[in-house]
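Visitor: Just passing along the structure, written as structure tokens.
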Amino acid sequence: MRRKALLVPLLLVIIAMVAVPAPGPVVHGSPDRFEIIDTWWSTSAGAKLVEVAPGDEAVLHIALRYLGLLPASDVVVNTSLPKGLVVVGTGSSENSTSFRGPLKRGSVITVSIPVYISRSVEPGNYSISLTVQYYTPRSGKDLEELECVVEVSGRPSVVVRSLTPSIPVGTSVVLLEVANEGSASAEEVYVRLDSSTQGVSIVNGSVLIEQLKPNESRVIRVAVTTPPYSQPTPIRLRAQYSYRSAKGIGYVGENSIELYAQPQYPRLSIGINNTIVGPGATWISIAVRNLGDSGVRNLTLYLEAQNPLHLCSPTRVYLGALDPNSSAVANALLCPLPVAGISRAVLRIEASYLDEYGVEHSETQSFDLYILPPLRTPLLVNATVPTLSPGEEGVVELTVENRGSGAVENLCIYPSSSSLQVLGQVPACITELGPGSHTVFTVRIAAPRNPGTYVLSTELRYIDPETGSEESLHFSTSVRVEEPRTAVIVELTPTRVIGGRVSLLTLRIVNVGEAELSDVYAVLDAKTIQLLNISRFEIGAVAPGRGAEVTIAVKAPSVQADTVGSLTVSLYWKTPWGTSGASTYTVPIYVSAPLPEKVVDVYVEPSTLEAYSFVKLRVVIRNTGSESVRNIVVELKSLEPLKPMRTIGSVTLGNLAPGEARVIEVPVAVPDAPGIHQLSLRVSYLDSYGGEHSYGVEPVVAVVQRVPKLTIRAEPQELRSPSVSTVVLRVVNEGGVPIKDVVLRIQPSDVLGVANSTPISIGDLEPGRAAEIPVTLYVPRVSEVRISRLTVVTTYLDPLGGEHSDTRYIYLRILPPEPTVGISVKPLVNELTIGKASRLCIEVRNNGTHTLKGLSIDVEPSQVGVVLGTPRFFIDVLRGGEAKRLCLEVYVPANVGASTMRVTVSGSYLDEDLGATQSFTDRFSVLLRGHIELSLVDFAVIPEKPSPGQPFSITITVTNVGTSTAYAAYAVPKLEGLPLRVFGPRSTFIGNIEVNAPTTFTINLLLMNTSQRRLVLPVTVMYMDNLRTLHSKTFNIPIELAPPSRGGKLSGSIPRRAAGSEGFPAQLVIAVGVAVAVAAVAGTVYICRRR
């Protein structure tokens, strides 16, 4: 009874626990119980980070303060990070942090999350969501949602790399790129360069860049001077740089830059002025030109002539020294032996010299000379040949004298040349040339673009007065094409400066040569004096006889007596023919001691300013004397072209002790006025004795231009005629300043036509940006390759509104039409049979409009096929659009296992319209289908005569008498209209039927009620060939039937389940029922015994 009394309350408690649901988290409407008081980043070691950047791994700390009245326990803080920030170790944006201990009011907990910041994240502020779950005694489980903002500030990363892999020895300009590869701006980037290689020095090796934005770069120019190395030598520069971020964090860096100093070698070119000798002694001129970058010494020529030519002058000619881009001429007398006809001889010239390092070199060149036989004509021809420049036109005068006794009639000249272009009317003729008289023919020619010696051949045709027949005389002369002489002189004014002061010098470069020089620039290097502006000046193009002026600012040292310094000017240029030239000049500069009464020195800082910028110009006033001065007044008279931001006027500074300096800061705007500019100031003061001094001061500043620079490139540069083609013009702003209102005007040549309407407006282009303009051109038909020119005139405005115009020429190659392919081959048969000879037919069609003759066509199948007969066909004429059918027998052997065969059709024909023999080759494939033929070998019916209602089987044996295997064969009896039923599966699977291998299969049937005594059963065998195509073959099987039984009742009906017998069998139901009853009785007996 006691057990029963305890059991009832226990059951009630269990029921109540099951019925009451578990409490869930509740979000209260009361004030927040947690607040975020701080967020910060740190390293894994705990050091606090002011800046974090994309790609960093850092620890994010979030400090929370608990504000609730009741203690909280089981605190779980779930953090959801924004896109791009993931938890280190999990790769997820979700994080969970648990705090077990109870939290009292005012307690602070810190959530620390190791975070990886993806490189795709942009610097900025990001929001983080927090969900705080906790438990209090009054409310139970509670939940609160918070949000905080963290900053990904980014970090600058400055690198310095070289854009110039190698430089020539001496003084050269190296281009260095200062790039910010970080994700934040770098401020006040200061780069200082020095040399780590002995003997290598750097001029203007420091630069200050105010700001570099992310992924922005600047190119700086540094002049590097190397010793005269005789072989390529690596030199190493060291770049030290410092910068700070926008948050004021300072960074420093250093890296090495390796360059190669390449020595300069001479390069000699040897030429002669005449290749025709005889029939008597002939003088020739040998021109040697130094096309290299350095001079030669002890230049000696060694001459050697081949028989029948001999040298009547010395075989050794000494020429001495030869500077770069200069030439020397030697003369030689050639004496030929008498020859019967025009003979060829070789003149070999060897040039031996020493380079500037003392290394001996030699160059050898051979020239073919032609020796004329003694004259057998009354005519004597002399030629006056000019020396031309590349691309220049000139006149060759041919003087023809009649030394015979009779008049020469119908005298005509026919000049020709493979390299020179003959201009004007050809031929030139006169009707008669009397005895003892002469006439002058002028032949206008145009020189090619490349220097060298070229031959002008002339044929004279006339009527011989003695024989009355037409005779001809061939005459050849050499035309020398040389680059015009290039020479530059340098003038410097003034050549005297005052010690301790800044002076302006005018450097004048004059082209005294014969050719226009382009891309001229000067590199300056000073000794004793100091250069205050850049050491490299871009001059541009200088025409012959013209000059260019460069203003440079120098500061002489303070000297007590006159001193001599020097200015070394290295000039570099390019000729119109693509060759480079250089020359170096050293000009003395005399430094005089300053006058003693001017003890107050005035100069400005910085001395180099960038156009389009705002700077604070610092005017420094220093007492350089040994005694104090009083009442100093500085008057800023003119700061042109600088624009002061406020009015300054006169400034009174008071007294200055010896060595003391004062600074006046003047904010100015720097316009686009490149060059050296003199400012006008006036200083007045009283010396220690009360003497009044007043004089003008003209400090100088250099304004460096940030030049707008546009480049235009065209793609493609080859056009096929005739067509309507599109050429894309890519316009790139490669300058350092933005340009506005860019407009293109396209002027085509007389060959091309432009479909676009001009002008074309592009708009604004920032530095480094590009615009692509498609231009549609009408290209006419041409018969040979031609060069056509597009003139593109570009106008734009600089940032100050100044208008600029630039003309560029774009050269396009126009190609003649491609010859059309006239022959196409098409197979008319797609498959052949393996093991049999099959007929392969092809169609040969002339797709063009030209008439083709003499077609010879070869049809070659691959190795799996054999042509029965000849594989070659001939077609006499195939007109445009006409087609011919060609057929041949091809046998494919039975042992071939391939499913395809490659057929090659090749041939040749004569295209009458083009007048040329063309060839063609075409290939195609045909299918190889296996030959399968099934034959019935034997069959057997078991029993031999089945009775109605009786099952029976038919065993059939077939064989494959073809050449290929029948795959996946199966047999299906056709029972439609027959008293038969399938006894088993509907179809019988056979498998593969191999060649010449008997295959047997069995079909099981049931004979139904019938009175027939004989049946014919169609059995269809389905199979696939080697190309997986389905085939069938039907065999008719005769079946003899037994008569039915005498009782008249036909046996053999199919047994079926009785109606209502669906479901479980009755025996099974009874057995289960008995088992359940026995189990129930056994359970009852067991319970009674326990009680």
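Visitor: Determine the pairs where a residue that is on the phi > 0 side of the Ramachandran plot, located within the stretch 287-309, has a partner that is buried (at least 19 other Cβ atoms within 10 Å of the Cβ) with Cβ atoms under 8 Å apart, the partner being 6 or more residues away or on another chain.
Guide: Listed pairs, sorted by first residue: Asn298/Tyr353.
Visitor: Residues in the stretch 231-258 that are part of a strand (DSSP E or B) and surrounded by 12 or more Cβ atoms within 10 Å (Cβ to Cβ): how many?
Guide: 16
Visitor: List pairs: first in the stretch 749-766 and assigned by TED's automatic domain parsing to the domain that holds Val728 and modelled with pLDDT under 85, second part of a loop (DSSP other than H, G, I, E, B) and not polar (S, T, N, Q), Cβ under 7 Å, 6+ apart or cross-chain?
Guide: Taking only residues 6 or more apart or on different chains, the pairs are Val751/Pro780; Val754/Pro748.
Visitor: Select from the stretch 799-824 the residues that are polar (S, T, N, Q) and farther than 30 Å from Pro674 by Cβ and write down the one among them that is modelled with the highest pLDDT.
Guide: Per the stated criteria, the residue is Ser824.
For every residue, the table says whether it meets (1) over 26 Å from Ile249 (Cβ atoms); (2) among the polar types (S, T, N, Q).
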residue	(1), (2)
Tyr66	yes, no
Asn78	yes, yes
Ser93	yes, yes
Tyr126	no, no
Val132	yes, no
Glu145	yes, no
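Visitor: Looking at (1) at pLDDT below 90; (2) over 30 Å from Tyr241 (Cα atoms), which is the only condition Val121 fails?
Guide: (2)
Visitor: Continuing with the same structure: Out of the stretch 771-800, which residues are among the hydrophobic types (A, V, I, L, M, F, W, C), closer than 28 Å to Ser217 by Cβ and loosely packed, with under 14 Cβ neighbours inside 10 Å?
Guide: Across the stretch 771-800, the qualifying residue is only Leu800.
Visitor: Follow-up question, since we're still on this one. State yes or no: is Thr955 β-branched (Val, Ile, Thr) and either in the same structural domain as Leu1007 (by TED's automatic domain parsing) or over 58 Å from the mean Cα position of the chain (by Cα) (or both)?
Guide: Spelling it out, Thr955 is indeed β-branched (Val, Ile, Thr) and either in the same structural domain as Leu1007 (by TED's automatic domain parsing) or over 58 Å from the mean Cα position of the chain (by Cα) (or both).
Visitor: Looking only at the stretch 407-442, filter to residues that are under 49 Å from the mean Cα position of the chain (by Cα) and of a type in the set (A, V, I, L, M, F, W, C); which one of those is farthest from Arg480 (Cα to Cα)?
Guide: Step by step, filter the stretch 407-442, then rank; the result is Leu423.
Visitor: State the number of residues belonging to the stretch 927-958 that are modelled with pLDDT of 90 or more, under 12 Å from Val1021 (Cα atoms) and surrounded by fewer than 18 Cβ atoms within 10 Å (Cβ to Cβ).
Guide: 3
Visitor: Suppose the filter is touching a residue at least 60 places away in the same chain (Cβ under 8 Å) and in contact with a strand residue (DSSP E or B) (Cβ under 9 Å, 6 or more places away or on another chain); does Leu815 pass it?
Guide: Values: touching a residue at least 60 places away in the same chain (Cβ under 8 Å): yes; in contact with a strand residue (DSSP E or B) (Cβ under 9 Å, 6 or more places away or on another chain): yes.
Spelling it out, Leu815 is indeed touching a residue at least 60 places away in the same chain (Cβ under 8 Å) and in contact with a strand residue (DSSP E or B) (Cβ under 9 Å, 6 or more places away or on another chain).
Visitor: For residues that are among the small types (Gly, Ala, Ser) and touching a residue at least 40 places away in the same chain (Cβ under 8 Å), scanning just the stretch 327-343, find the one that is surrounded by the most Cβ atoms within 10 Å (Cβ to Cβ).
Guide: It comes out as Ala332.
Visitor: In this structure, is Ser478 assigned to a loop (DSSP other than H, G, I, E, B) and among the hydroxyl-bearing types (Ser, Thr, Tyr)?
Guide: Here the answer is no, as Ser478 does not meet what is asked.
Visitor: Still on this structure, please answer the following. If I go through the stretch 259-279 residue by residue, how many of them are part of a strand (DSSP E or B) and either more than 31 Å from the chain's Cα centre (by Cα) or without any contact (Cβ under 8 Å) to a residue 40 or more places away in the chain (or both)?
Guide: Total meeting the criteria: 7.
Visitor: Hey, among the residues in the stretch 71-85 that are in a loop (DSSP other than H, G, I, E, B) and surrounded by fewer than 16 Cβ atoms within 10 Å (Cβ to Cβ), which one's modelled with the highest pLDDT? Reasoning before the result, please.
Guide: First pass over the stretch 71-85, keeping only residues in a loop (DSSP other than H, G, I, E, B): 71, 81-84.
Imposing the further condition that a residue be surrounded by fewer than 16 Cβ atoms within 10 Å (Cβ to Cβ) reduces the set to 82-83.
Numbers: Pro82: 91, Lys83: 88.
Only one residue tops the list, namely Pro82.
Visitor: Please name all residue pairs, on different chains or six or more residues apart, with Cβ atoms under 8 Å, provided the first residue is in the stretch 86-106 and is over 14 Å from Phe34 (Cα atoms) and part of a strand (DSSP E or B) and the second residue is at pLDDT 85 or above and small (Gly, Ala, Ser).
Guide: Going by the 8 Å Cβ cut-off, the qualifying pairs are Val86/Ser92; Val86/Ser93; Val86/Ser118; Val87/Ser93; Glu94/Ser80; Thr97/Ser112.
Visitor: Now for a separate question. For the stretch 126-193, list the strands (runs of 3 or more DSSP E) that sit wholly inside it and hold at least 3 residues that are modelled with pLDDT of 90 or more and in contact with a Ser or Thr (Cβ under 7 Å, 6 or more places away or on another chain); which are they?
Guide: Details: elements: 140-152, 158-162, 166-168, 171-180.
Answer list for the stretch 126-193: 140-152, 171-180.
To keep it simple, each residue is scored yes or no on (1) surrounded by 14 or more Cβ atoms within 10 Å (Cβ to Cβ); (2) hydrophobic (A, V, I, L, M, F, W, C).
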{"residue": "Tyr685", "(1), (2)": "yes, no"}
{"residue": "Ser688", "(1), (2)": "no, no"}
{"residue": "Ser694", "(1), (2)": "no, no"}
{"residue": "Pro699", "(1), (2)": "yes, no"}
{"residue": "Gln705", "(1), (2)": "yes, no"}
{"residue": "Lys709", "(1), (2)": "yes, no"}
{"residue": "Ala714", "(1), (2)": "yes, yes"}
{"residue": "Ser723", "(1), (2)": "yes, no"}
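Visitor: In addition: Which of the following residues is at negative phi, outside any loop (DSSP other than H, G, I, E, B) and of a type in the set (Val, Ile, Thr): Thr467, Thr506, Thr486? Step through it out loud before you land on a result.
Guide: Numbers: Thr467 fails: outside any loop (DSSP other than H, G, I, E, B); Thr486 fails: outside any loop (DSSP other than H, G, I, E, B).
Of the residues listed, the single one that is at negative phi, outside any loop (DSSP other than H, G, I, E, B) and of a type in the set (Val, Ile, Thr) is Thr506.
Visitor: What are the residues in the stretch 535-548 that are surrounded by fewer than 18 Cβ atoms within 10 Å (Cβ to Cβ) and part of a loop (DSSP other than H, G, I, E, B), if any?
Guide: Residues satisfying the conditions are Ala543, Pro544, Gly545, Arg546.
Visitor: Going through the stretch 549-590 one residue at a time, which ones are in a loop (DSSP other than H, G, I, E, B) and under 36 Å from the mean Cα position of the chain (by Cα)? Walk me through it before giving the result.
Guide: Start the filter on the stretch 549-590 by keeping residues that are in a loop (DSSP other than H, G, I, E, B), which leaves 556-562, 575-579.
Those that are in a loop (DSSP other than H, G, I, E, B) and under 36 Å from the mean Cα position of the chain (by Cα): Thr575, Pro576, Trp577, Gly578, Thr579.
Visitor: Continuing with this model, one more query. How about the stretch 202-230: which of its residues are loosely packed, with under 12 Cβ neighbours inside 10 Å and outside any loop (DSSP other than H, G, I, E, B)?
Guide: Leu208, Glu210, Val219
Visitor: Mind telling me which of the residues Ser684, Ser688, Ser749 ends up being assigned to a loop (DSSP other than H, G, I, E, B) and either of a type in the set (Phe, Trp, Tyr) or touching an Asp or Glu at 6+ places or on another chain (Cβ under 9 Å) (or both)?
Guide: Within the list Ser684, Ser688, Ser749, the selection yields Ser688.
Visitor: If Ala593 passes every condition in (1) crowded, with 17+ Cβ neighbours inside 10 Å; (2) in contact with a Gly (Cβ under 7 Å, 6 or more places away or on another chain); (3) of a type in the set (A, V, I, L, M); (4) modelled with pLDDT under 85 but one, which one does it miss?
Guide: Result: Ala593 passes all but (1).
Visitor: Shifting gears a bit: Please indicate, with yes or no, whether at least one residue in the stretch 838-849 is assigned by TED's automatic domain parsing to the domain that holds Cys887, in contact (Cβ under 8 Å) with a residue 24 or more places away in the chain, at negative phi and under 40 Å from the mean Cα position of the chain (by Cα).
Guide: Within the stretch 838-849, one or more residues are assigned by TED's automatic domain parsing to the domain that holds Cys887, in contact (Cβ under 8 Å) with a residue 24 or more places away in the chain, at negative phi and under 40 Å from the mean Cα position of the chain (by Cα).
Visitor: Also: Residue by residue through the stretch 495-511, note down the ones that are buried (at least 18 other Cβ atoms within 10 Å of the Cβ), more than 15 Å from Leu567 (Cβ to Cβ) and either at pLDDT 85 or above or within 44 Å of the chain's Cα centre (by Cα) (or both).
Guide: Listed by number, the list holds a single entry, Asn511.
Visitor: Let me ask you something else. Given the structure, is Glu514 more than 30 Å from Asn533 (Cβ to Cβ), in contact (Cβ under 8 Å) with a residue 60 or more places away in the chain and out of contact with any strand residue (DSSP E or B) (no Cβ under 8 Å at 6 or more places or on another chain)?
Guide: yes
The values are calculated or read from the model by the stated rules, or taken from the named source; none is laboratory data. This structure is a prediction, so every number in the text was calculated from the model and none was measured. Positions of Cβ are generated from backbone atoms using ideal geometry, with glycine treated the same way; all protein chains shown enter the neighbour counts.
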